Amino acid sequence: MARLVLNQITREFGDFTATDRISLDIEDGEFLVLLGPSGCGKTTLLRMIAGLLEPTSGSIEVDGADITALPARKRDLAMVFQSYALYPHLSVEKNLAFPLKVRKTPKTEIAERVRSAAETVEIAHLLDRKPKELSGGQRQRVAVARALVREPRAFLMDEPLSNLDAKLRTATRRELAALHRKLGATFIYVTHDQVEAMTMATKIALLNGGRIEQHGTPEELYDTPSSVFAAGFLGSPAMNLLDATLTTTDGKISVFAPGVEAVLWEGATPERDIVIGVRPEHLSVFAAGAPEAVPTAGVALRGTVELIENLGREQLVHCRVGEERVTVACEREDAWGIGELVVLAAPVSRVHLFDRESGRRLEWRSEAGSTAAGPERRAAGRAVTRADHRADSRADSRAELPAGSLPLSS
């Protein structure tokens with residue numbers, strides 16, 4: 001299979017920049033998901049890798065060889081399109097055999113590779129049918145099998161599940177993940193669906209406005225989002241994000257906003273505008289008068305219950321905190337009434353801070369340079385704006401943003 005390296009890939013359409021200096025190192029056997037909202041540049045990037053679009057600047061390497069100027073047919077990369085792109089007048093067998101016939105592959109080898117690919121995706125019983133006689137899921141399997149028969153160096157997939165219904169999407173998602181494990185091949189997969197990204201990827205590149213917002217494992221993006229955008233994009237329901245002020249109170253780093261109070265670490269810092277974030281599943285709900293509603297550390301959000309959504313396994317409690325709406329995911333057995341005054345609490349370890357101006361993640365670090373994981377970190381330190389990668393990393397095209405660190409005094 002293949003290792004792909006993208007070096008400062010830029011694509012411009014007139015005055016519009018679709019991708020802006022994107023650099024990625026995709027390891028052999030990796031399942032990389034290009035994730036992001038519509039218009040972020042993910043499909044444009046995939047098409048440049050495939051050779052269907054030429055980059056305005058930058059280079060693309062496969063196993064150390066520069067393929068930027070190679071036509072698509074010579075790159076040995078297989079593309080699976082959103083629309084399946086099957087030949088309607090050909091049987092499934094002939095659809096699978098077509099790319100091999102174009103290469104003038106011997107007939108015996110074609111038959112063997114078609115049979116093997118069909119068995120791999122479990123469509124051997126459909127080889128005599130035409131595409132119009134297949135369901136959406138079966139057509140998708142044919143499209144994947146047609147890529148398999150080529151035995152390419154890498155597989156490129158452009159939102160291949162978007163035309164399937166929810167149940168079939170879930171089943172096909174599992175099948176693709178299992179296929180990746182079986183083949184050990186390099187997959188580059190485009191989607192706007194965070195569930196697909198979280199469940200299938202070994203690495204995610206989150207794109208925003210033609211740049212990489214964050215690149216890492218699904219766990220890294222979910223647990224330590226590098227920006228307000230990353231925090232709000234991953235998670236369903238999304239992370240609760242509220243404008244607040246970071247300051248020092250009684251020798252402790254604290255956060256204040258209407259209905260928001262947080263006591264974090266011992267130390268001191270100049271006042272700073274921030275965004276505080278907590279995921280819905282990390283909040284606990286208490287009645288306003290309960291003893292637990294006054295935490296000595298962590299964050300406390302005081303509000304009123306506005307809406308309760310029953311999801312079967314759990315319920316979402318939507319509360320008004322100041323002028324903001326905050327969502328909590330909790331057990332259905334927790335009975336709360338509309339209009340009830342509540343306190344939503346989370347420990348320090350579940351609190352995320354972001355600089356309001358730049359949107360980048362803030363972390364508290366001790367003088368030794370380690371990141372504080374809770375209130376036990378003491379003495380002087382500094383609050384730093386955390387770019388997802390250091391300045392020497394090629395993986396984050398936003399890494400040039402200034403760090404803007406602030407020294408603290410104890």
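Rounded to the nearest 5, what % of DSSP beta bridges with both residues in the chain are antiparallel?
Taking every DSSP beta bridge within the chain, about 80 percent pair in antiparallel fashion.
Counting only other residues whose beta carbon sits under 15 Å from that of GLU331, what net charge do I get with K and R as +1, D and E as -1?
Around GLU331, the charge tally is -3.
For the range 86-235, which whole percent of the accessible surface, found with a 1.4 angstrom probe, sits on carbon and sulfur atoms?
Its accessible area is 51 percent carbon and sulfur atoms.
In what order, largest first, do LYS42, LYS130 sit by accessible area if the probe radius is 1.4 Å?
Heavy-atom accessible area, descending, gives LYS130, LYS42.
Mind checking the log10 I(q)/I(0) for the range 137-245 at q = 0.17, 0.19, 0.24 Å⁻¹? Debye, one equal scatterer per Cα, no solvent, two decimals.
Each listed q corresponds, in turn, to -0.88, -1.04, -1.41.
Please list, by residue number, every one of the GluC sites (Glu not before Pro) in the range 223-319 that is coil in DSSP and has at most 10 other beta-carbon atoms within 10 Å.
Within the range 223-319, the qualifying GluC sites (Glu not before Pro) (loop, at most 10 other Cβ atoms within 10 Å) are GLU271.
Across 5 Å bins from the origin, how do the percents of Cα pairs in the range 1-110 run, short distances first?
Going from the shortest bin to the longest, the percentages are 2, 10, 18, 20, 17, 14, 10, 6, 2, 0, 0.
Grab the eigenvalues of the alpha-carbon gyration tensor for the range 49-100, scale each by 5, take roots, and send me the semi-axes largest first in whole angstrom.
Whole-Å semi-axes of the equivalent ellipsoid: 28, 12, 8.
What is the log10 of I(q)/I(0) for the range 71-129, computed with the Debye formula using one identical point scatterer on each Cα and no solvent, at q = 0.15, 0.17 Å⁻¹?
Relative scattering, expressed as log10 I(q)/I(0), comes to -0.48, -0.63.
Specify which residue in the list VAL328, LEU341, ALA290 is farthest towards the positive end of the charge dipole of the range 259-361, using unit charges on the beta carbon of Lys, Arg (+1) and Asp, Glu (-1), about the Cα centre.
Of the options given, the answer is VAL328.
For the range 176-230, would you read off the P(r) tail past 16 Å as a percentage of all alpha carbon pairs?
43
With all protein chains present and a 1.4 Å probe, how do PHE256, PHE229, PHE155, PHE16 order by accessible area, largest first?
Descending order: PHE16, PHE256, PHE229, PHE155.
If you project the alpha carbons of the range 114-154 onto the principal axes, what extent comes out on each, in Å, largest first?
Principal axes ranked by extent give 31, 17, 13 Å for the Cα atoms.
Please give the direction-averaged projected area of the C-alpha convex hull for the range 237-309, in square nanometres with one decimal.
For the range 237-309, averaging the hull's shadow over all directions gives 5.5 nm².
Of PRO258, ALA85, ILE274, which is farthest towards the positive pole of the chain's charge dipole, taken about the Cα centre with +1 and -1 on the beta-carbons of Lys, Arg and Asp, Glu respectively?
Result: ALA85.
Using all C-alpha to C-alpha distances in the range 107-189, build P(r) with 10 Å bins and read off the rounded percent in each one.
16, 52, 29, 2
Give me the base-10 log of I(q)/I(0) for the range 185-289 at each q in 0.21, 0.22 Å⁻¹, Debye formula, one uniform scatterer per Cα, rounded to two decimals.
Log10 of I(q)/I(0), two decimals: -1.11, -1.17.
Working with all protein chains in place, sort TRP364, TRP336 by solvent-accessible area computed with a 1.4 Å probe, largest first.
Descending order: TRP336, TRP364.
In whole angstrom, how far apart do the alpha carbon centroids of the range 52-104 and the range 139-181 sit?
15
To the nearest µm²/s, what D does Stokes-Einstein give for the chain at 4 °C and 1.567 mPa s, using the Kirkwood radius over alpha carbon pairs as Rh?
After rounding, the answer is 54 µm²/s.
Once the other residues with Cβ under 14 Å from the Cβ of ALA185 are scored (Lys, Arg +1; Asp, Glu -1), what is the net sum?
-1
For the range 154-210, what is the accessible area per residue in Å² when the probe is 1.4 Å?
Normalised by residue count, the accessible surface of the range 154-210 is 38 Å².
Write down Rg/Rh for the range 316-366, rounded to two decimals, with Rg from the C-alpha atoms and Rh from the Kirkwood relation over Cα pairs.
Rg divided by Rh gives 1.07.
Mind checking the dipole of the chain: about its Cα centre, +1 per Lys or Arg Cβ, -1 per Asp or Glu Cβ, Debye to the nearest 20?
My answer is approximately 1880 debye.
How much accessible surface area, in Å² rounded to 10, belongs to the heavy atoms of SER116 with a 1.4 Å probe?
50
The values are calculated or read from the model by the stated rules, or taken from the named source; none is laboratory data. Quantities reported herein were computed from a predicted structural model and do not represent experimental measurements. Counting neighbours? That spans all protein chains shown, and the Cβs are built from the backbone with ideal geometry, glycine included. All accessible areas refer to the heavy atoms of the entire protein, side chains included, with ligands and DNA or RNA removed. Shrake-Rupley method; radii C 1.70, N 1.55, O 1.52, S 1.80 Å.
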